[in-house]
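Take a look at the structure below.
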Amino acid sequence: MGQRRLDDQRGVYAPFIAVISSALLFLGGIAYDAPRITAARQDAVHAANEAARVAAITVASGGSLAEATDAAEDRLESHPLIYGEEILVANVHCVGSLVEVTVVTGYILRSALAIVWNRRPIIARGAAEAILLTPYGDPEALDYLGECPIIE
């Protein structure tokens, strides 16, 4: 009665099921979070381009680099990202009539992948050219075409 039968294989599949279910859980997390991370990156690039456009308009109209940075920050504050993450202006770089804005944001993983990574940082750059036009689009009628100030 106390002997165990050698051909009793109850519970043999339990470790196999545990491993497979864990793998499926992580693959499901990748399938859920990967497109959302891609969307968050694209949204950050769009926000960086919009911030650069606003900064370039400020520079083109004679504003300083500090005013261009403030304008870019205001633009980012008024248009939140797709998943509601905070976005910050890291750098505004200006050479000639080209304005480049670097923004920093992130994405918080919402699946089982959060065990490995809790938050994915996202850095995006946008650029715009500072060109000031008249209402009729004639740049020759202007005495000043926007350019980055040499002295800040």
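Put a dot 7 Å past the Cα of Glu86, heading toward its Cβ, do the same for Gln42, and the two dots end up 2.7 nm apart.
Taking amide H atoms as placed 1.01 Å from N in the peptide plane, the amide H of Ala130 lies under 5 Å from those of Leu98, Val99, each 5 or more residues away in sequence or on another chain.
3J(HN,Hα) along segment 88-102: 10, 7, 8, 7, 10, 10, 9, 9, x, 10, 9, 10, 10, 10, 10 Hz, from the Karplus curve 6.51 cos²θ - 1.76 cosθ + 1.60 with θ = phi - 60°, whole Hz, x for Gly and Pro. Residue order by solvent-accessible surface for Tyr32, Tyr13, Tyr83 is Tyr13, Tyr32, Tyr83, largest first, with ligands and nucleic acids left out and a 1.4 Å probe. Using the Stokes-Einstein relation with a Kirkwood hydrodynamic radius computed over Cα pairs, the translational diffusion coefficient of segment 38-138 at 4 °C and a viscosity of 1.567 mPa s comes to 91 µm²/s. Sorting Leu109, Leu27 by accessible area puts them as Leu27, Leu109; the probe is 1.4 Å, largest comes first, and only protein heavy atoms count. Ordered by solvent-accessible area of protein heavy atoms (1.4 Å probe), largest first, the residues Glu73, Glu86 come out as Glu86, Glu73.
The values are calculated or read from the model by the stated rules, or taken from the named source; none is laboratory data. Just so you know, these numbers come straight off a predicted model, no measurement behind them. Virtual Cβ from ideal backbone geometry, glycine too; neighbours counted across all protein chains shown. Heads up: the accessible areas ignore ligands, DNA and RNA and are worked out on the full protein's heavy atoms, side chains in. Shrake-Rupley method; radii C 1.70, N 1.55, O 1.52, S 1.80 Å.
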